[in-house]
Amino acid sequence: MADTIFDILVSNNIYVEVFKETMPLVIAGTLLHLHYNNRITALEAILYAFATEAYTMLKVGPTFTATFFVSIAFMFEQIHLFIKGQIYVHRKFLLLLILPALSSFTIFLIVQFYRDPFYYPPGKQTAFYLRPVYFYIKTYLPLFAIGAKILQEKERISFEFFSGVMKRIAKFSFVIAALQIFCQMILRNDTLGEILGMQQRYMMEASTFIFSIRVQALFGEPKVYSAFLSLCIPLFLKDKEYRMAALALLMGILTVSQTFWINMLTATLIFMVVSRISSTRLKIAGTLGIIIGLFLIIAESKDYFIKLYAKNQNSTMYQLVFKRSVYRYDNEFWQKNNVILGMPLQRDMELPVVDFLKDQPYLLLSGYGAGNSTFIPAQYFFGQMNYENRLNGIGGHNLNMRWFYILAEFGVFSLLIFFTILTQTKPEITLFQSSYFAFIWVCFFFSQIDLFLIITALLCAYEPDESPSLTVYKPDHSY
């Protein structure tokens, strides 16, 4: 199975594959050169890198992208400044830094003195205790380094500046997405499509029908591109760039991602229904409550919607809006309920984790440990394509629903601490910024947008000319 998945991701053309695997280093090197020569800010560097994750060093690992290399460079820089005593960590952010360690220590105590519910493939037991360390160094610390860099450049970076960068990337992505459509529909040239960032597995699904092409521009996945576009549409509308907003909506539709429609529903609720609520946290809670209520209604009426789709499945609109949703809700083949709070969980991703935590509810307090999803017993994945991989301990398990991801990996207390600290806003925050920040948080419930959450949390917490006790600062000058 591992070989099959790898074959789908790797290009059949050796030269194209070399190009794709070289680009992360080229892009990261260029962005870092521009940044350290004061041509672009750290915010621009990391967002431009994020927008090119279609290129990845698969031979090393699928997460070795330009974003990874830029964030690692920032991490080493911040560690160097910390060792030299030029920066230090504020107490509330120090708490966030040690949360993974607290979770891992709690898991160690549970496994040693209470119960060990995990499955260790042959020779993998030591990895159970080392995976959290690997996760911490590779993923967690770089995110903090990005946050520190943004605060250190706060005089150059503002919410308006962030908005401009987002719209600039979106406009460039429209051009790339149009070229991808041209390559598939007119030229029918898969090689050129791959050079332009399209994955082979999505080109295999494409036909002569334009809505069968899942565009992704240069983003890592169509669903990632759809999440990014959904974040850009409110920014275009705010600045009355209605044509760009309409184009972003069209490209979002062409990603054929259910996440896009959920995010659009979220935007409608936040900017039109609860926008007048002054508290950002109340906006988040209220919007999530409404969305969950709508999901519960849909789940109760799923038989009606399944029959409605069956009658109209040849309709383009039904194909775009209902096809993937019907697949999620329809359990006639799977014979297993996958609906939680009205939401149909992905059977190969969230559902096995939910089933595992149902059997081991005490793990909700601590999570199962950062990066330790590999050690969830394989029987929870029985019937899925990755079942054999689970038996052999191959590959990790990434959850796109990020609230659930934090809950599963770090526990409920960590989720509450994350939410409490990262929803603090400045007293004079504008109504739009408050709504947009709430929008990011609700989208974070459904989408893997960790980077955007960190960026907006910092931009909505501090003024550009403010000098508070921030994440990091020099003793004689506040960053």
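The residue that is nearest to L288 (Cα to Cα), among those in the stretch 396-414 that are modelled with pLDDT under 75 and either open to solvent by 40 Å² or more (accessible area, probe 1.4 Å) or among the hydroxyl-bearing types (S, T, Y) (or both), is N398.
Results for (1) farther than 20 Å from F93 by Cβ; (2) at pLDDT 85 or above, shown as yes or no for each residue.
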| residue | (1), (2) |
| --- | --- |
| Y436 | yes, yes |
| I440 | no, yes |
| Q448 | yes, yes |
| L453 | no, yes |
| L458 | no, yes |
| E463 | no, no |
| P468 | no, no |
| T471 | no, no |
| K474 | no, no |
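Test S173 against the stated conditions and say whether it is modelled with pLDDT of 95 or more, buried (at least 17 other Cβ atoms within 10 Å of the Cβ) and under 15 Å from A54 (Cβ atoms). Taking the combined requirement at face value, the residue satisfies it. Consider the stretch 205-220 and keep the residues that are open to solvent by 30 Å² or more (accessible area, probe 1.4 Å) and in a helix (DSSP H, G or I). The one that is modelled with the lowest pLDDT is E205.
One line per residue, one yes/no per condition, for (1) within 29 Å of I290 (Cα to Cα); (2) surrounded by fewer than 20 Cβ atoms within 10 Å (Cβ to Cβ); (3) at pLDDT 85 or above; (4) in contact with a His (Cβ under 8 Å, 6 or more places away or on another chain):
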| site | (1), (2), (3), (4) |
| --- | --- |
| E332 | yes, yes, no, no |
| Q335 | yes, yes, no, no |
| L341 | yes, yes, no, no |
| V353 | yes, no, yes, yes |
| P361 | yes, yes, yes, no |
| G371 | no, no, no, no |
| I376 | no, no, yes, yes |
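Highlighted here are the helices (runs of 4 or more DSSP H) found entirely within the stretch 372-459 that include at least 2 residues which are hydrophobic (A, V, I, L, M, F, W, C) and within 17 Å of P100 (Cα to Cα): 402-410, 412-421. The set of residues in the stretch 1-37 being in a loop (DSSP other than H, G, I, E, B) and modelled with pLDDT under 95 consists of M1, V10, S11, N12, N13. Residues in the stretch 221-230 that are surrounded by fewer than 22 Cβ atoms within 10 Å (Cβ to Cβ) and of a type in the set (A, V, I, L, M): none. Scanning the stretch 60-95 for residues that are among the β-branched types (V, I, T) and modelled with pLDDT under 85 returns I87, V89.
Criterion applied to T259, T255, T268 was being among the polar types (S, T, N, Q), at pLDDT 95 or above and more than 25 Å from F161 (Cβ to Cβ), and the one residue passing it is T268.
The values are calculated or read from the model by the stated rules, or taken from the named source; none is laboratory data. No experiment lies behind these values; they were computed from the predicted model shown. FYI the Cβ positions are ideal-geometry reconstructions off the backbone, even for glycines, and counts take in every protein chain you see. Remember, those area values only see protein heavy atoms, side chains included, never the ligands or the DNA or RNA. Shrake-Rupley method; radii C 1.70, N 1.55, O 1.52, S 1.80 Å.
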